[in-house]
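Only one structure is covered here, and it is reproduced in the block below.
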Amino acid sequence: GIPVTVFSSPENLHFIERIAVRHPGLNIAIDHMMRAAGKRDEEAFARLDDLLALAKHPNIAVKATNMPSRISGGYPYARVHPFIHRVFDAFGPKRLFWGTDVTNLACTYRQGVTMFTEEMPWLSSSDLEWIMGRSLCTWLGWNG
């Protein structure tokens with residue numbers, strides 16, 4: 001009943017999947033959209049399809065944290081939007097969590113927020129309500 005967050009390399013996703021299957025009551029959130037450490041731009045998300053395959057497990061969610069740090073170019077970091085869109089399409093707004101990882105953020109905190117709230121017109125106001133906090137609170141059992 002305790003949710004966990006993991007940061008995994010793409011090579012280890014099969015372990016996460018085995019745990020998710022074996023423990024269906026365990027909520028697992030994969031941090032940083034499982035981007036490859038030390039990589040930038042498209043190379044950082046080269047194995048995104050492996051992550052998307054895990055969407056079939058209802059106890060797996062994804063944190064879209066610190067997306068600007070691995071993308072070239074400035075705000076609004078449009079090069080990362082298609083990757084976020086693909087994760088959104090696979091997991092939906094109730095299993096996609098926004099976050100900044102403010103200690104390593106490559107932009108201002110405000111830009112980290114508005115990149116989602118103002119720069120991704122394909123996200124509805126309801127989607128944003130979920131992604132920007134409601135989904136994480138629900139995932140953690142903070143429904144009060």
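The values are calculated or read from the model by the stated rules, or taken from the named source; none is laboratory data. Because the structure is predicted, anything quoted here is derived from the model rather than measured. Note that each Cβ is placed from the backbone with ideal geometry, even for glycine, and that neighbours are counted across all protein chains shown. When the accessible area is computed, the model is the full protein with side chains, heavy atoms only, and any ligands, DNA or RNA have been set aside. Shrake-Rupley method; radii C 1.70, N 1.55, O 1.52, S 1.80 Å.
Which whole-number percentage describes the relative contact order of the chain, with Cα contacts under 8 Å and a sequence gap of 6 or more?
Working: 210 pairs, mean separation 30.4, N = 144.
Relative contact order here is 21 percent.
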Of the heavy-atom accessible surface of the chain (probe 1.4 angstrom), what whole percent is carbon and sulfur?
54
With -39,500 (n - 2.57) per DSSP H segment of 4 or more residues and division by the full residue count of the chain, the 222 nm estimate, nearest 500 deg cm²/dmol, is -9000 deg cm²/dmol
Point-charge dipole on Cβ atoms (K/R +1, D/E -1) for the chain, about Cα centre, debye to 20:
260
Farthest toward the dipole's positive end in the chain, which of Asn143, Ala78, Ala46, given Cβ charges of +1 (Lys, Arg) and -1 (Asp, Glu) about the Cα centre?
Asn143
Checked against the positive end of the charge dipole of the chain (+1 on Cβ of Lys and Arg, -1 on Cβ of Asp and Glu, about the Cα centre), the farthest of Phe15, Pro121, Phe88 is Phe15
Tell me, which longest segment in the chain has none of the chymotrypsin sites (Phe, Trp or Tyr not before Pro) that fall in DSSP loops with at most 10 further Cβ atoms within 10 Å?
1-121
